[in-house]
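Below is one structure, written out as structure tokens, with a few remarks after it.
The values are calculated or read from the model by the stated rules, or taken from the named source; none is laboratory data. Remember, it's a predicted structure, so these values are computed and weren't measured experimentally. Neighbour counts are summed over all protein chains in view; Cβ atoms, including those assigned to glycine, are modelled from backbone coordinates with ideal geometry.
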Amino acid sequence: MTRPDPMDLVLARLEGEPGAAPEDIEEAAKARSMPEVLHRLYRKSADPVLAGVQLLALDDYPNVNAALPAGWVGFADDLSDGWFAIAPDGKVVWLARSDLRPIAARVMAESLAAFLKLVMAGEQPWLASPPSVVDREQVKTVLDAPPSWIDTRPAQPYDQLSAAQHRLHLPHVFLEILERTDGLFIPGTGAMLFGLSELVPEPTVPSPWNGPAAVDIGRTADGRSALLLATDLPDHKADEVIAVAAGQSWQSGTVLGPLSTVVLAWIKEGRP
């Protein structure tokens, strides 16, 4: 038995909506090629508003897509400060208008049909806090009452923390950790965060200011350096941790994720 097309099921719920004229769709698509599923949506409804999602008017489609990275197809507005787009892999992502880099995109659904289905169900995942924000709060909670399987040290005085922050351009998320412990060691895995006196600037990362754009903040469980980015770069976000082996360039290192997510994972992995 043939399974129904998920997009057909979604479009069936838009009965009665006036569709766009095929020639208008084709004209808009000259600015940025549309996937077939988006063609089908416009043919079914030219202007639907679904639980905080407004399909782009065809007149606006070229201008919005001109601002997006090549290969990304913007198709809707969140009626606030972001756009929805179909990424090159077919996933639907949300992009803040203030940061349209692919690295900053948040995945909302695996496909346009899946995205429309969850929106029709009243879900608005773009309004939820990003996982990195949730992890940031959780790390602070854990370090306020450290578990027995991690080694912590008393934090350094605030004036020393402040001086190091300005000298090394330490992101505030790292400062929040240093305010709770001067370094961190996970005996179960060997992963560690350096204390204040052990932090070393990484001069090979291009910096937009007079000072380092990355700092060597520790070691991964397999002995690689953990570089923390202090600024956004074209393909990286500030607060990202990159694992770099001896003799390896930072560009070819492994992105581990946001600092809080990495530290939280290290703590969990070290649990006996």
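What do you reckon, is residue 193 at negative phi and touching a residue at least 12 places away in the same chain (Cβ under 8 Å)? For residue 193, the condition - at negative phi and touching a residue at least 12 places away in the same chain (Cβ under 8 Å) - is met.
Quick check on my filter: what residues within the stretch 109-131 are in contact with a helix residue (DSSP H, G or I) (Cβ under 8 Å, 6 or more places away or on another chain) and under 19 Å from residue 64 (Cα atoms)? Break it down into steps so the answer makes sense when it comes.
Our first condition is that a residue be in contact with a helix residue (DSSP H, G or I) (Cβ under 8 Å, 6 or more places away or on another chain); within the stretch 109-131, this holds for 109, 111-114, 116-118, 120, 125, 131.
Answer for the stretch 109-131, where residues must be in contact with a helix residue (DSSP H, G or I) (Cβ under 8 Å, 6 or more places away or on another chain) and under 19 Å from residue 64 (Cα atoms): just 112.
Here the stretch 1-50 is the region considered, the condition is being charged (D, E, K, R), in a loop (DSSP other than H, G, I, E, B) and surrounded by 12 or more Cβ atoms within 10 Å (Cβ to Cβ), and the residue that is modelled with the lowest pLDDT is 17. Looking only at the stretch 257-272, count how many residues are out of contact with any Ser or Thr (no Cβ under 7 Å at 6 or more places or on another chain) and closer than 17 Å to residue 213 by Cα. Summing the residues that are out of contact with any Ser or Thr (no Cβ under 7 Å at 6 or more places or on another chain) and closer than 17 Å to residue 213 by Cα in the stretch 257-272 gives 2.
Given the criterion more than 17 Å from residue 38 (Cβ to Cβ) and of a type in the set (Gly, Ala, Ser), identify the matching residue among 104, 113. Lay out the reasoning, then the answer.
Working: 113 fails: more than 17 Å from residue 38 (Cβ to Cβ).
None of the others qualify; the one that does is 104.
For the stretch 114-137, filtering for residues that are modelled with pLDDT of 90 or more, more than 30 Å from residue 5 (Cα to Cα) and surrounded by fewer than 16 Cβ atoms within 10 Å (Cβ to Cβ) leaves 1.
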